[in-house]
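Below is one structure, written out as structure tokens, with a few remarks after it.
Quick note: the coordinates plus some simple rules give every number you see, no bench work behind them. Just so it is clear, the model here is predicted, and its values are computed rather than measured. In this analysis, Cβ positions are derived from the backbone assuming ideal geometry, glycine residues included, and neighbour counts consider all displayed protein chains.
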Amino acid sequence: MPKRDLIRVVRTQEGIAIDPTGKMPGRGAYLCHNPDCWEIASKSDILARALRTILTEKDREMLRESIPQPSSEEQVSTDG
């Protein structure tokens, strides 16, 4: 998956932040648009290891609030 199709999360002095431009200074890691990836990142230490930091509860809450919502095109119909 090309980097431009991913969402960058960056470590800042204040904690972590979403970097929509991909140009913020600081150590970054990339997450896909799949909400499951964001759930895993917010619940585990995988993102903390990638960013070489400790995620605070505030950081984890920000990740949960930033979970991408699937567009109507991405939603799979369950109608038979």
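Taking the condition out of contact with any Lys or Arg (no Cβ under 8 Å at 6 or more places or on another chain) and of a type outside the set (A, V, I, L, M, F, W, C), does residue 11 pass? Full working, then the answer.
Values: out of contact with any Lys or Arg (no Cβ under 8 Å at 6 or more places or on another chain): no; of a type outside the set (A, V, I, L, M, F, W, C): yes.
Judged against the criteria, residue 11 is not a match.
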Next item on the list: Just need a number here: residues in segment 29-64 that are in contact with a Gly (Cβ under 9 Å, 6 or more places away or on another chain) and assigned to a helix (DSSP H, G or I).
Entry: 5
Next item on the list: List every residue pair whose Cβ atoms lie under 8 Å apart, where the two residues are 6 or more positions apart in sequence or sit on different chains, the first residue falls within segment 39-60 and is touching a residue at least 60 places away in the same chain (Cβ under 8 Å), and the second residue, located anywhere, is outside any helix (DSSP H, G or I) and surrounded by 19 or more Cβ atoms within 10 Å (Cβ to Cβ).
Entry: none
Margin query: Of all residues being surrounded by fewer than 12 Cβ atoms within 10 Å (Cβ to Cβ) and either under 14 Å from residue 62 (Cα atoms) or touching a residue at least 24 places away in the same chain (Cβ under 8 Å) (or both) in segment 1-38, which is farthest from the chain's Cα centre (by Cα)? Just the residue, please.
Written below: 14
